[in-house]
Amino acid sequence: MVDSKSAEGEAVTQRIAVRRRRRLAGESPAPVIADRYRLDRRLGEGSSATVYAATDVRSARAGTIKLFAPAIAEDARSRARFEEQAAKAGRLKHPHIATILDAGFAPVSGGGEWPYVVTEPAGSRSLRGLLERDGRLSLERAMLIGRQLAAALSYAHSRGVIHANIKPENVLVDEAGLRVKLVDFSLSFVSARTGVVTSETIARRAVYLAPEQVLGDKVGPPTDVYGLAVLMYEAIAGRPPFNDGSPLATAERRVNEPARLVGSWDPTLPPDLESVLGRALERAVAARWAMVDQFDQALAGIDPRRRVNLTIDDPDEGGLFPAAAEERRAARRGLGVMVLAGAALIALALAFVMFGPNISGVRSTASRPTVPEVAGKTVDEARALAQASGMELAVVGERPSDRAHAGVVVQQSPIGGWRIEDDQPLRVTVSAGLIVPDVRGQLLEEATATLGEIGWRVGRVDPAPWPGTRAGTVILQHPPPGQPVPAPGELALIVAQ
């Protein structure tokens with residue numbers, strides 16, 4: 001057994017040796033923060049902080065330190081928010097959350113202070129590095145990572161902590177790439193209660209912000225539901241649902257447009273995955289999963305092995321268009337007795353007969369069909385509109401809706417008005433039935449307006465004491481959100497006094 005004093009003495013000897021080598025080599029010593037944490041190497045830079053691999057010179061323990069802008073320490077409100085959030089995050093102990101070891105303010109030479117947070121070294125690389133290397137993850141691995149993060153977020157929410165900054169850079173991965181830890185709980189509300197800080201924040205985080213963050217509205221568990229869904233979408237598809245030419249355009253699109261179905265990038269994905277991710281990516285907070293554990297339970301019901309039987313060479317075979325698939329199979333059997341050159345000529349002739357000038361699937365811009373807008377239509381109405389535009393309709397899933405009755409289209413991909421470049425189907429998700437909307441957390445005036453827009457009425461309103469909540473905020477409702485109903489009706493609300 002190694003004596004603790006001997007081990008400590010050995011660590012001191014090693015530190016002296018390192019300093020001597022640096023002195024002999026003419027190197028300046030690494031900076032030490034708060035007289036304790038030596039900055040060994042820079043790991044990266046985020047929207048409001050710089051991250052370093054560090055060593056605690058008192059214990060020789062490795063860690064990661066995040067240094068925030070001194071301006072946070074100078075502003076009394078931001079400083080208080082930093083202390084409050086760091087204290088909350090410091091109490092989080094979970095297998096998939098990087099443990100916070102220390103937090104505080106360190107003097108800066110020349111005046112001012114660095115706010116800092118020290119966490120355990122939770123992984124050698126981030127999920128961003130993994131995606132940059134591999135492009136995208138297998139569905140099985142993406143589901144595994146997504147559910148680990150859902151467990152971490154659900155735990156944090158139960159202790160009053162919202163992350164509000166979920167992105168691949170904040171997910172650390174072990175060497176095998178199968179176990180992850182979430183970092184950065186300490187800065188969710190540093191600069192603003194909404195989680196939206198500045199225009200610079202939008203510039204750096206537009207791909208991952210929830211619509212309510214873009215608008216400057218209140219954040220809560222549904223914000224993390226959205227963030228986790230964006231992360232999973234990118235891991236599965238190899239790209240996020242929105243990534244426009246500029247950060248502002250990207251942010252505006254997520255507020256004004258529904259996310260493109262993830263299956264449009266990979267048609268073999270299980271249809272129920274599209275339905276679950278589609279609900280998590282709803283623009284309206286009330287239309288999403290209210291809690292991360294609900295999202296996780298829906299993910300648990302998806303079998304990643306149950307893929308749609310399509311192939312790249314023959315996308316209709318065994319898939320969404322069995323009649324077209326059988327037609328091509330019969331054609332191949334007839335052509336099988338011919339030589340290769342003859343087969344090619346006949347295939348070209350068939351293509352010309354079927355598609356006219358669109359040989360090899362290439363169409364002029366003028367002949368490309370415009371995608372019809374089918375949201376709010378019944379499946380039969382949507383199919384008729386699709387066929388009139390030269391498209392096939394594919395129902396890829398269903399989910400409850402607080403706006404549409406069963407069988408009504410609630411989401412489509414591609415979106416209406418686009419001119420498609422190939423013979424892709426119009427993929428739609430339909431309502432599984434009407435459910436009670438969720439207006440908890442809204443002010444009474446806002447809740448009344450929201451309900452009125454979708455055909456509901458506010459019935460009885462009762463006040464109740466609710467410490468820590470703004471007066472007039474809806475805290476309870478009946479019927480409860482998510483309950484199936486045959487038609488819109490009345491809600492009884494309890495609001496904070």
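Where a number appears in this text, it was derived from the coordinates with a stated rule and is not lab data. This is a predicted model, so every value here is computed, not measured. Here Cβ is always computed from backbone atoms with ideal geometry, including for glycine, and neighbour counts include all displayed protein chains.
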Listed with the fewest Cβ neighbours within 10 Å leading, Tyr155, Tyr116 appear as Tyr155, Tyr116
Taking every other residue with Cβ under 10 Å from the Cβ of Ala103 and scoring Lys and Arg +1, Asp and Glu -1, one gets -1
With R₀ set to 60 angstrom, the calculated FRET efficiency between the beta-carbons of Asp35 and Trp418, to the nearest 0.05, is 0.50
When the charge dipole of region 363-432 is computed with +1 at the Cβ of Lys and Arg and -1 at the Cβ of Asp and Glu, the Cα pointing farthest to the positive end, of Pro372, Ala388, Ala404, is that of Pro372
Restricting to Cα pairs under 8 Å and 6 or more apart, the percent relative contact order of region 444-496 works out to 49
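Listing Arg306, Arg147 from the residue with the fewest other Cβ atoms within 10 Å to the one with the most, what is the order?
On the way: Arg306 12, Arg147 17.
Starting with the residue having the fewest Cβ neighbours, the order is Arg306, Arg147.
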Quick note on Ile302, Ile65, Ile415, Ile162, ordering by fewest other C-beta atoms within 10 Å, gives Ile415, Ile302, Ile162, Ile65
Restricting to lysines and to Cα separations under 16 Å from Lys167, and discarding same-chain partners fewer than 8 apart, the set is Lys181
Kirkwood Rh over alpha-carbon pairs of region 444-496 plugged into Stokes-Einstein at 20 °C, 1.002 mPa s gives a D in µm²/s of 185
Which residues qualify? For Val495, with a placed amide H closer than 5 Å and at least 5 residues away or on another chain, they are Asp462, Ala464, Ile475
Trypsin sites (Lys or Arg not before Pro) in region 433-497 lying in a DSSP loop, each with at most 14 other Cβ atoms within 10 Å of its Cβ, come to Arg470
Ratio for region 363-432, C-alpha Rg to 2.2 N^0.38 Å, reads 1.09
Given Cβ charges of +1 for Lys and Arg and -1 for Asp and Glu, the option among Pro488, Ala447, Thr473 whose Cα lies farthest towards the positive end of the dipole of region 444-496 is Thr473
